[in-house]
Amino acid sequence: MATDGSRASLQLPCVFSPKSRQYLALCAQDGRLRIWNTDSKTLHQEYVPSAHLSATCTCIAWGPCRTVKEGPQRKKRKSEAGQVEEKADLLAMGTAAGTVLIYSTAKGALHCTLEGGHSGGVNCVQWHPEDSLLYSGSDDTHIVEWDLQTGKKRSNWKADRAAVTSLCVSPDGKLLLSAGRTIKMWDLDTKEVYRKFTGHSTAVTTLCFATTRPPDSNGLYFLSGAEHDRLLSVWQVREDGRDKNSVVSFTLTDEPQHVDLVPSNSKEEAVRLAVVCKDGQLHLFEHFLNGPCKKPLSPSCTVQMSDTKDSPAPIPLLAAALGADTRSALLAYGNHLQPVMERAEINTAERHVCLTRDIHTSLSLSMETAVSKVKTPVVNAKSKVLVPGLPGHQAPIKGTSQGSEKRKKDTDTKEMSIEERLGEIDLSTVSTEKGALKGKASLQTDNFAVLLVQGLESKDASILNKVLQTRKDMVINKTVARLPLPVVLPFVEELTKRLQGHPCTALLIVRWLKAVLVHHTSYLASLPDLVTQLGVLYHMIETRVKMFHKLTKLNGKLHLLMTQVATSDSSTTVTDVDHTAKLVYEEESSDEDEASGDEGLQDADSDNWEEEETMEEDEKKQSDNDEEEDPDSRTESKANGEEDMEHENESEEE
Amino acid sequence: MASFKPTKIPIYPKLGEKVTQDTVYWKNYKAPVQIKEFGAVTNIHFSPVAPHNYAVTAFTRIHIYGPFSQEPVKSFTRFKDTAYCGRYRSDGQLLVAGCEDSVVRLFDVSGKVALRMFKGHTKAVHVTDFTSERYHIFTGSDDYTCRLWDIPNATELNTYQEHTDYIRCGVTSKLNRDLFITGSYDHTLKLFDARVDKSVITMDHGQPVESVLLYPSEGLVVSAGGRYVKVWDLLKGGQPLVSLKNHHKTVTSLCLSSNGQRLLSASLDRHVKVYNTTNFRVVHNFDYAASVLSLALAPDDESIIVGMTNGVLSIKHRKSPEESKEVSHQQRRRPSYRVFVKGKNYMPKQDDYLVSKPVREYLTKYDKHLKKFNISKALDSALQRKPEVTVAVIKELDRRGTLKNALAGRDEKALSELLHFITKNMVDFRFAPVLVPAANMILDIYRSVIGQSPVVDRQLLYLQDLLQKEINYQQELLDVLGMLDTLFASSVPRKELLCLEGMNNCTLG
């Protein structure tokens, strides 16, 4: 069951419309159904099921082509039959909740919802080619036959002991293939098992009729593919019932994801087959189906796609449909949200073809058109409710939802890697950073210590990186404190190796080293060969620290230059300030003016004349001295500035 | 005539990383060939006879690969369910394999259908092997029993019911036809002797045993289980000799190198470790992309083959001697063929006078420039090389006293290139003594023009930022140095002289 769940989540349904291949229906990861026009390469319609998150779409099937108009005009059309184009209209979507949605592309809205048939998720839906019947297979091991005229289920029978994973209706509409644990062929008139085929050990994901039923019924062949299986098997339905084993098998590179087949109508016509595998490769086969073939057949042509970057990465193919002639094929590739469609000519003479496409440009182009041409359907507002009971698409039945939850849990526990667990630990430290929950924090450091020990024992770089990149002092201290003694020295060795790196990373490592030295002082001191053990570390640090003085000086120099550049940039705007600074000289001269004023006053008493002159001379000398001193004082201030800078730096460093 | 001496490039060893004989040996493998199998690869076994094909057991198949083939040369697909433990007989003619459906199948290597089917076990059979006299098969199963079978008439000879849990590994002795060892999930290893019909030695591993390996001498046995690899001495009645714990997840597979000097262990933690078997230290480590389930070494260590949980088989072939040499002498140009052939058939005579041709010296580009005193150009061309070379050239220029001239007169682009180099290598303690004065000089020279070019300014700012970080870091280191001093001092009283000597050695060497 768990594998079924994972399959549904991995393999997103992706189907071309029949015959003309005009549309590609795709249900992407976000649960929305998108219908792309393969001619114009644009988004034709987008539909969001009301329960697209709770009940994801698991399978899609296009209904048989029919003309859109109805009723009274029928006679007219018959006469114009050559002109009127048959269009694919209805689309059946099975959901994980057990309902089937019928969507009409002609209306661009939900046509109806088929409910009440399944108690488990729907795995597969298939249309009857002629009558308006629909078959759905489910996890609850039943097959339901729906009548679309009435919108109710017509019959319902248990098909297998395990979940029904795949269905296929024969082209003449008389037989139905179902696959659970075994492949069964049902007579649709009597609903009885016609044949059983065993051989697959895993869930069958693909069933497909390879021939139309010819008059001699030994010529009916069908095809099956299973998950985790790299072989597609072909089975022959023989009249004598001796059809125990598959007659032919096709080898693939991975499990099949999308199969397109041009059936053969006679023995002389080869069956053409295009299989897109899970690894994104397309394999083309051509084979005459006439009896068993011992060896598995390898593809006649394998197609891969890659982008046009310097180091090309593969682009996964999503689906492929064969064209009318042997060479052309319609390809869909890229991601599910923005698939790129292309009709490509494939040189089948080559065994291996690699197509390179610039996916980004084509992506952006289709983005633009998508925005302009999206037809927004009215979501669920006027959907026809045909089943008595609650309206709309209801929440899933309880039992199944629990089942799916369980499944998810199972896969979670299985797939959780150490990295993810560590990631979660990181989150928990963020939440407990406030120190409210000490118990939790200690538990977490304990984990770190265990991890660190494991990392040291196996010298696993990824684990060590993860642990040593911690920035929190508390975590570092507790982890180191819990470190068992035998790994202390290997840890110091590892730290020594990492200390040689770039200062950004090494700064983190120093904190670990300090913590080790602080917490394990007594142990280290008790070592008899301590000096030889830590000698490398000591030597390394010494050599690195040797340049400390010079580096600091260089830093100071650079700092000064850079700040000067910064100030000179700003100083061009504030030159006025400089001018005011120069006023100092004028003040001195004003002193002189005052002195001259004094002279004027003292002119009256001419006794002090000489003294005055000498005073003046002194003053002049002083001013000269001032002028001489000035540049010096400037340099001094510079020097002071530099020192200040250094002091500042040091204070910053501390 | 004194000739020009090319610049000497000192070789700086990186601290803490030692290049040993082992690393050279184990690194001498080509890039791996990866083959996708159908499922997890649970066992790989080499044929004991040339050309040493190997059987890979994965999912419901056994594929036989040739020593250099990338596709299976043969495959055995007639299994109803998952196959286990495909092993060759010592003559390489027969292959035995267990299966999830409890039937043991015996194949002829050239045939396709099972020659014999051994039915008797009630649960999956994970262990199969041939005994040394070649006509018996030993099997171990999840039904807690191990059995001996006779090949010619496909009958069961004996059943041993001593284990109390699944038996998942085992080997037969290659020297004695009656001895075999099994490892079980009940944490024990048992040595059985067919002559007395019971186990003669029981060893407690402490963890579910995943893999057992016998030394060629068969005196020692190695077991892997949990995170431990343990070595036991059989001659001393199963005394544990060594316990190794170098993985952080379960060890799944063991293997000996061809000369028996190295032991390899593979684990779910995606590592393969190589141990020296004399001191049991890890001497090398391989990393793989997924958890490793099975491991095998080709005879003469020609290739390492590893099977992983994701179904990928990784094959590493040893480089041939020419290839490993070519890597080192790739740049050298060979003389033309004609030169090679000329005088090939000449036989030297006794009275030939040998004229020694002066060996022409090839100078690198920067040395040519240095020779012509184009110092700026020399520096420019040296900047394109490895940092060791660049630093050596800067040092040489400094010795000549022309570093200032070489640094001066640069435009924005050349200067930013130079600064880029300096910022990149400034923090490397090997280069700092040369680069710091150079940086000083650059600042002196270009002081007047700083602020004119945004590119250079940005680089200077970056350099400043880096210096700040480095200074912070070195201050932390000084702290640590202080701590270490205290530590050393506290241990001095005991062995004062020795310690001082050690200190001197440390600081000198």
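A few remarks follow.
- Cα-projected label distance for B:TYR337 with B:TYR215, points at 7 Å along beta-carbon direction, nm: 5.5
- Span-like helix ranges in chain B, DSSP H, alpha carbon extent 24 angstrom or more, Kyte mean at least 1.6: none
- Size of charge dipole - chain B - debye, nearest 20, with Cβ of Lys, Arg +1 and Asp, Glu -1, no other charges: 2320
- Overall form of segment B:287-411 per C-alpha gyration tensor (a/c, 1.5; a/b vs b/c): oblate
- Formal net charge of residues neighbouring B:TYR275 (Cβ-Cβ distance under 9 Å; K, R +1; D, E -1): +3
- For chain B, the normalised intensity computed at q = 0.06, 0.08, 0.10 Å⁻¹ comes to -0.50, -0.75, -0.90 (log10 of I(q)/I(0), Debye sum over alpha carbons, equal scatterers, no solvent).
- Efficiency of FRET from Cβ geometry, A:LYS309 and A:LEU53, R₀ 30 Å, rounded to 0.05: 0.30
- Environment charge of B:HIS187, counting only residues whose C-beta is closer than 9 Å and scoring Lys/Arg +1, Asp/Glu -1: -3
- Once the mean of 1/r is taken over each pair of separate Cα atoms and inverted, segment B:30-318 shows a Kirkwood hydrodynamic radius of 18.7 Å.
- Charged neighbours of A:THR253, selected by a Cβ distance under 14 Å, balance to -2 (K, R count +1; D, E count -1).
- This model, with +1 at the C-beta of Lys and Arg and -1 at the C-beta of Asp and Glu, gives segment B:365-491 a dipole about its Cα centre of some 860 debye.
- Segment B:LYS198..B:ASP444, full-extension length gain: 79.7 nm, with 0.36 nm per residue of separation and the alpha-carbon distance subtracted.
- Summarising the overall dimensions of segment B:365-491 from its C-alpha atoms, the Rg and Dmax are 17.3, 58 angstrom.
- Kirkwood hydrodynamic radius of segment A:109-224, Cα pairs, Å: 14.5
- Once the chain from B:ASP81 to B:LYS344 is taken as fully extended at 0.36 nm per residue, the excess over their C-alpha distance is 88.2 nm.
- Approximating the spin labels as points 7 Å out from Cα along Cα→Cβ, the A:SER20-to-A:THR202 distance works out to 3.8 nm.
- Shown is the FRET efficiency for B:LYS371 and A:PHE548, computed with R0 = 30 Å from the Cβ-Cβ distance and rounded to the nearest 0.05: 0.20.
- Rg/Rg_ref, segment B:42-139, where Rg_ref = 2.2 N^0.38 Å and atoms are Cα: 0.98
- Largest-first ellipsoid semi-axes for segment A:451-566, taking √(5λ) over the Cα gyration tensor eigenvalues, angstrom: 31, 18, 12
- Applied to segment B:303-313, the Karplus parametrisation 6.51 cos²θ - 1.76 cosθ + 1.60 on θ = phi - 60° returns per-residue 3J(HN,Hα) values of 8, 10, 10, 10, x, 10, 5, 7, x, 8, 9 Hz, with x for Gly and Pro.
- Summary value for segment B:224-368: 12 percent relative contact order, contacts being C-alpha pairs under 8 angstrom separated by 6+ residues.
- Segment A:GLU239-A:VAL565, extension gain: residue separation times 0.36 nm, minus the distance between their alpha carbons: 107.8 nm
- Estimated FRET transfer efficiency (B:GLN384, A:ASN465; beta-carbon r; R0 35 Å; 0.05): 0.65
- Those residues of segment B:254-284 whose amide nitrogen sits under 20 Å from the label point placed on B:GLN239, 7 Å along Cα→Cβ: B:277-280
- Rounded if a/c under 1.5, otherwise prolate or oblate - segment A:137-193, Cα gyration tensor axes: oblate
The numbers here are math on the coordinates, done by the rules we state, and not lab data. Computed from a predicted model, the values in this text were never measured in an experiment. Note that each Cβ is placed from the backbone with ideal geometry, even for glycine, and that neighbours are counted across all protein chains shown.
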